[in-house]
Structures are given as structure tokens and as C-alpha cells.
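Derivation of every value follows stated rules applied to the coordinates shown; laboratory data play no part. If you're wondering where the values come from, they're calculated on a predicted model, not measured in any experiment. All Cβ positions, even for glycine, are placed from backbone atoms using ideal geometry, and neighbour counts span all protein chains on display.
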Amino acid sequence: MRRLISKLESYEKCTFKKFSIAYVFNGLFQGILRLTDVIAKKTLHATDFEITVLSMVWPVANMFSVYFGELMAGKDKKNFLLFAGILGRLSLVLIFFVKTPWEFILLLLLVYSANAIVLPAQNSLLQSNLRWDLTGSVFGYLTAILSFFVILSAYVAGKVMDMNENYFRWVLFVAGILGFIHIAVLSTIKQRRFLKGHGKFDSHRILKPLVDGFRLLKEDKDYGLFQLFYFIYGMGFLMVMPAIPKLLVVKLAMTYTLVSIARVFMSQTGKIVFSPWIGRVFDRISPIRFTGVTFFVMGLYAFTLGMVLLVPPPLRVPLVFVAFFIFSLGMTGINLSWNLSSIHFAKEHDASRYQGVHVALTAVRGILGPLLGYFVMSLFPLQYVFFTSFLFFLLASLGMLFFVETKI
């Protein structure tokens with residue numbers, strides 16, 4: 001880290017410091033949120049269909065990122081961020097009134113809606129305050145910080161809820177406070193420069209965000225091609241979301257603590273260990289090639305989960321641990337690609353709009369992916385969901401490596 005800091009200008013060091021502080025609280029917040037589908041299944045006794053709808057919540061909430069990405073382009077992000085913190089984090093106080101899975105789903109829809117502001121704003125802050133050739137390295141260290149605190153909070157939350165599963169309300173209330181602090185710290189970062197948007201903001205965009213998003217994809221054909229294979233990857237990623245709680249809670253009867261160790265500790269270990277190194281790799285090669293390789297690693301994760309129910313019972317939980325460790329390696333790369341690739345394509349334009357489209361497309365596949373997973377697990381044995389996911393990951397990887405990379 002010292003070597004990286006020595007390369008940073010004073011304004012870059014200030015940005016890195018504040019992002020680091022923010023990511024401590026973001027990690028504590030996210031670690032707890034990683035257990036929400038298990039809470040729904042284990043404590044609120046949600047059905048497979050309710051878990052499927054819950055899996056759609058965070059990507060569908062991203063639909064508004066096209067609107068906010070355009071609205072924020074070229075502007076100070078502070079007030080937008082504070083609004084997101086109040087609406088999408090402090091609203092977790094309402095958890096004390098939640099009694100049913102559907103009430104839980106509606107509350108999480110409100111919570112995740114803040115990402116439509118936070119993700120494009122964060123992307124723009126990184127773009128304006130860091131040189132591109134250092135962005136991957138900086139974000140790699142930030143990811144390691146985030147992952148450490150994700151593990152810590154998920155483990156503590158799991159232990160608390162194993163003592164009494166009804167404590168989930170207090171756990172999520174604390175998560176709301178931590179999440180607000182994360183966004184409040186981000187709001188104090190001063191942008192060094194305000195990059196231009198793409199024309200004047202049209203007030204009708206709020207009514208047709210997808211139309212404008214597809215217009216950008218049509219205007220920037222390279223970015224559109226990149227997003228096509230990202231969409232295929234996203235289908236593979238999201239279709240397993242309804243199946244994972246059923247695998248861990250119903251098929252394997254894992255406790256909150258064991259789930260937090262397997263799904264969070266193992267899935268974050270690679271990020272802590274490898275994020276700084278992989279961040280340097282990201283700075284040195286094409287983001288398209290980098291993304292294609294990480295898609296293939298994610299395919300290995302899905303394939304391994306598919307094998308869990310096919311091996312002898314004593315090997316099943318250990319194989320879950322192996323699967324989520326592979327996931328941690330793949331997601332270390334995905335985290336960099338997902339958050340930073342829009343800056344590469346935006347060039348001298350404000351990346352808010354590009355990242356807004358990128359995040360909003362998550363909403364489209366967020367509807368289709370979990371429903372596809374629910375359909376497959378309703379008709380076939382559970383492992384078929386994971387093997388189908390593997391095929392999506394493989395197609396996305398091959399497309400990115402042998403079509404997008406060569407064309408661009």
C-alpha cells in the first residue's frame with residue numbers, strides 16, 4: 001500500500017482516505033445485508049417464489065440509476081448522496097414493523113433503491129479524483145477493506161441471530177445506521193473536476209429510462225457490445241439466487257453462523273488477499289479481456305455448487321465452502337470490472353451516465369434471471385439451476401474474449 005500511496009497526488013490521497021473510511025462502514029452494512037435471503041427463508045419462512053421475488057429486489061431497484069446517472073452528470077453529488085442515505089438506509093428503522101416476507105421484500109426494495117444514486121455517484125467521484133492508470137489499484141485496496149468488514153459483520157450478525165432468530169430486527173436496524181454513515185462520508189468528498197454529460201437533461205427521462213439507456217448503447221456500439229455479454233453473465237449470476245437459500249437452509253440445514261462462514265467468509269477471502277494484486281492487473285490489461293477471464297472463473301463457482309448434491313453427504317458442506325471460495329476469486333475481478341469499466345468507455349464524459357445504464361441493465365436481467373432460476377428449479381432437480389448458470393457464464397466469457405475483445 002505504501003508504494004501505491006507514494007504515487008498519489010494530495011487530492012488523490014484525500015479521496016483514497018475518505019473512501020477507505022466509507023468502505024469500513026459499507027462493509028459492515030453489506031455483511032448484514034448478505035444474510036437477508038436466509039432471514040427470509042429461515043425466520044420468516046418465505047416460499048421459493050417469495051425468495052425469487054426477493055432476489056429481484058436489488059437489481060430491479062437499480063432501474064432508476066439511468067435517471068439519476070443522467071441527472072447527476074456534471075453536478076456535485078453531495079445532496080444526492082445524503083438523500084439516498086436517508087431514504088435507503090435510515091428507512092431500515094421500519095424493520096420493527098415487518099411481520100411477513102412480503103413486507104420484508106417491500107422494505108428491502110426501498111433500501112436497495114439508494115444504490116441507483118450511490119453507485120453512479122461513486123463511479124463519478126473515482127473518475128474525477130483519480131488518474132485512470134491508478135484506479136484499479138486503489139479500488140483493489142478498497143475492496144480488501146470492504147471485504148474484511150463484510151466478513152466481520154456477517155459473522156457477528158449470524159452469531160446474534162443463532163442466539164435468537166428474532167433479533168434480526170435489531171441487527172438490520174444497526175445495519176441501517178452503518179449504511180447511512182457510509183454514504184455520509186462519501187458525501188464529504190469534493191470532486192476535483194466536473195466532467196460533461198451528454199446534452200441537456202430531459203425531464204421525461206424519469207418516464208422512459210430504458211429508452212434512453214438503449215439510445216446510449218446504440219450511440220456507443222463498443223459499449224453496447226460489452227453490455228450484451230455482461231447481460232448474459234448477469235443472467236447466470238442471478239438465476240442461482242433463488243436456489244442458494246434452498247440449498248443452504250432446506251437441503252443442507254445450515255445455521256446462520258455456518259451460512260455466514262461459508263457464504264460470506266469464504267466468498268470474501270479472495271477479495272481480501274487478491275484484490276490489491278488483481279487491481280494492478282486490471283490497470284495493465286484491457287478491461288474486456290479482464291472481464292472475460294473473470295466470467296470463466298464465475299462459471300467454475302456455479303459448476304461446483306451444482307456438484308454439491310451429487311457428492312456423498314459428508315462432502316457437501318465442504319464443497320459449498322470450496323464453491324464460495326471460487327466465487328470470491330471471480331467476484332474480486334467482477335467487482336473491479338463492474339465498478340470501473342464504465343470509466344474506460346466514458347473517456348472524457350461524466351461516467352455517471354454510463355454507469356447509470358450499466359446499473360439499470362441489472363434491473364432488466366434482475367427480473368428475468370431469478371424467474372428463469374425459479375422455473376428451472378420448479379421443473380428439475382435443484383442442481384440443474386447451477387449447471388444452467390454455468391452455461392451462461394461460459395457463453396459470456398467466450399463472447400467477451402473472442403468477440404468483444406477482437407472487435408474493439
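Rounded if a/c is under 1.5, else prolate if a/b is larger than b/c, else oblate: which is region 105-144, with a ≥ b ≥ c the root eigenvalues of its Cα gyration tensor?
oblate
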So how do 233-244, 174-185 stack up, highest first, on mean other-Cβ count within 10 Å?
233-244, 174-185
Note, region 251-268: 3J(HN,Hα) by Karplus (6.51, -1.76, 1.60, θ = phi - 60°), whole Hz, Gly/Pro = x, goes 6, 10, 6, 7, 6, 4, 5, 5, 5, 5, 5, 5, 7, 9, 4, 5, 6, 10
In terms of the alpha carbon gyration tensor, root eigenvalues a ≥ b ≥ c, rounded if a/c is under 1.5 and otherwise prolate when a/b exceeds b/c or oblate, the chain is rounded
What ranking do 11-18, 163-170, 140-147 get when scored by the average of other Cβ atoms within 10 Å per residue, highest first?
140-147, 11-18, 163-170
In whole Hz, what ³J(HN,Hα) sequence does region 99-107 give by Karplus (6.51, -1.76, 1.60; θ = phi - 60°), x for Gly and Pro?
10, 10, x, 5, 5, 5, 4, 5, 5
Quick one: grab the alpha carbon gyration tensor of region 239-289, order the square roots of its eigenvalues as a ≥ b ≥ c, and give me rounded if a/c is under 1.5, else prolate or oblate depending on whether a/b is larger than b/c.
oblate
Output ³J(HN,Hα) for region 225-237: one whole-Hz value per residue in order, computed from phi by the Karplus curve 6.51 cos²θ - 1.76 cosθ + 1.60 with θ = phi - 60°, and x for Gly and Pro.
5, 4, 6, 4, 7, 5, 5, 5, 4, x, 4, x, 5
